[in-house]
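Just so it is clear, none of the values below were taken in a lab; they were calculated from the coordinates. Keep in mind that this is a model prediction, so the values were computed, not measured. Virtual Cβ from ideal backbone geometry, glycine too; neighbours counted across all protein chains shown.
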C-alpha cells in the first residue's frame, strides 16, 4: 500500500501529461482558415420556371497563409409536398475574383485567396418543370448544397455548406385567426413560419410573424434549434474528422444520444477540447457509481446537451449536425427590448421535458413550464418554431 501511494504522484503527472498532449494535438492540428458566407439569394419567377440568384463570399482572415480554392460545386436539393422528379435544374457559377476577369465559359479556375483577402462567386440556379406546372406551388424550399475544396499547408479539404432558400412563405395574417390553446393559467398559440435558415434575420422573423399578435404581458418563445440554424450553427458530418478518442468514447453513450456517434462526439470535442470531454467522462462515470447521474453533461458544458445529430431536426437539417444557439441570453435581452414583450429560448420534447435555455428578465419561468409541457410546437414538420404564451 505505501508503495502504491508513492506511485500516485507519478501516475497523476503521467495523466496530466497525457491530457496536455491530447489538448495540444487537438489545438495545433492543421486546419483551413477560410470562411464562407452567403449574401441575399433572390427567387424570381421566369417564363420557364424559377430562377435563384445570389452570391457567396469566401474570406481568409489569416494574416499570412495563402489558400487555394481549386473547385466549387453547387447542387440544388428540392423540397416540396409533391413529386419533383420531373423538375429540371441548371446551375451556373460565375467567379467574382477581385483581380481576375470572369471566364465566359463559367469554368471555375483554381484561385488563391491570400491572407486577409476575399473572393466571391455568383450562383444562378434555373428550375423548369413540365409544361403547365406551377413550380411555386410545387416547390416549398431549395437547399443549396455547396461543396468547395480548400488546398494549402493543411492538405486538401473538402468543405460542405448548405444554404436554405424558401420559395413559399405562409401568410402572417393567418395567425390572427388561428385558434389558441387553453392551458393552466394561460393561452398558447403556435405560430407557423417558413422553413428558417441562415439567410433569415431572427428579429425580422419575429416581427414578420408576430408583430400584430403581441400584447403587454405576453411571452414569445423560440425553439433553440431554429435559432441555431439562423445563426449558421450547423455543419455536414462529411466535414468532421473523428479522432480516436471520439470513435472509442462514443460507444459508452446511450444509442439515442447525439453523442453516440463519432461525428457527434467529435463535434463536442471541437468545441470544448478533448481534455475536458475525457475528464468529464471519467468524473461522470465515478459519480454514476455513487448514484449521481448527469455528471458528464454538467462537466462537459451546455453544448453537450444541445448538439443534435443527424435525424434530430427537420429536413433538410436532418442530414447535418446542429449545435445549440450562441449567446441565447443576449438574444433574449435584445429581442425583448425590440418587441416590448418577454422572450425565451426553449428546448421542449414530446416527453414533457421543458428546458428554458435563456429568458428575458420579465419572463415567468413557472408559466413557461406549464404552457410548454404539452409541446405545442411539436417535434415533427409542423414548422411552428414560435410559440406565443399569454397569461390569463
Note to self: Could you list 108, 21 so that the one with the fewest beta carbons within 10 Å of its beta carbon is first and the one with the most is last?
What the structure shows: 21, 108
Next item on the list: Give, to the nearest whole percent, the P(r) tail of the chain beyond 40 angstrom, counting all Cα pairs.
Entry: 27 percent
Notebook entry, point to check: Relative to the compact globular guide of 2.2 N^0.38 Å, what is the alpha carbon radius of gyration of region 292-392, as a ratio?
Noted result: 1.15
Notebook entry, point to check: Where does region 222-322 land on Rg(C-alpha)/(2.2 N^0.38 Å)?
Noted result: 1.07
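Shape of region 111-188 from its Cα gyration tensor (a ≥ b ≥ c, root eigenvalues): rounded if a/c is under 1.5, otherwise prolate when a/b > b/c, or oblate?
Since a/c reaches 1.5 but b/c is at least a/b, the shape of region 111-188 is classed as oblate.
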